[in-house]
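Heads up, the thing below is written out as structure tokens.
The values are calculated or read from the model by the stated rules, or taken from the named source; none is laboratory data. What you see is a predicted model, and the numbers here were worked out from it, not measured in a lab. Note that we place each Cβ from the backbone using ideal geometry, even for glycine, and neighbour counts take in every protein chain shown. Side chains are part of the model used for accessible areas, which takes the heavy atoms of the whole protein and leaves out ligands, DNA and RNA. Shrake-Rupley method; radii C 1.70, N 1.55, O 1.52, S 1.80 Å.
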Amino acid sequence: MSVRVLLLDDEPAIQAFVSRLLGEAGYVVDVLTDPLTALEAIRDGYYALVITNSVMQGPAGSALVAQLRRRYPALPVLHLDDQSHPYGEDFPADVPTLTKPFENDLLLDTVRALAGQ
């Protein structure tokens with residue numbers, strides 16, 4: 001069975017890069033740009049991990065994480081940060097963060113650890 005990852009990011013370059021890298025490593029990656037649509041997708045499907053950033057159209061990444069924690073407390077989340085929009089103190093400190101640009105191996109190792117691989 002393939003491990004499914006939900007990538008929630010509105011930057012096409014990040015979508016393409018992360019999808020390709022994780023796809024080549026054997027993950028099934030679903031890409032969305034809207035946090036509200038992501039909440040629906042999570043409800044309707046199984047994901048081993050959600051990867052998100054801080055700033056998107058609609059609710060901020062921190063608001064999405066808060067909703068995920070209430071609805072799916074065991075679902076791991078990885079935060080990708082480009083530091084152009086500081087996410088502030090409202091983003092949960094216990095959510096692992098990778099700062100862009102990051103090494104391919106660091107992303108893969110982090111995804112493996114969070115997805116229980």
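Assorted remarks:
- Accessible area of the chain belonging to carbon and sulfur atoms, whole % at 1.4 Å probe: 53 percent
- Residue-span extension gain [L106 to A93] - 0.36 nm each, minus C-alpha spacing: 2.8 nm
- Net charge dipole, the chain: roughly 420 debye, given to the nearest 20, about the Cα centre with Cβ charges of +1 for Lys and Arg and -1 for Asp and Glu.
- Of the listed residues I14, I51, the order by accessible area with a 1.4 Å probe, largest first, is I14, I51.
- Near E11: Cβ cut-off under 10 Å, other residues only, Lys/Arg at +1 and Asp/Glu at -1. The net charge is -2.
- D_trans [Stokes-Einstein, Kirkwood Rh over alpha-carbon pairs] for the chain, 10 °C, 1.306 mPa s, µm² s⁻¹: 113 µm²/s
- For the chain, averaging the sequence separation of C-alpha pairs within contact (under 8 Å, six or more residues apart) and dividing by the residue count gives a relative contact order of 25 percent.
- Only one residue of H79, A93, A66 has its Cα farthest out toward the positive end of the dipole of the chain, where Lys and Arg carry +1 and Asp and Glu -1 on Cβ, and that residue is A66.
- I51 long-range amide H proximity, modeled H, under 5 Å: L6, L7, L8, L78
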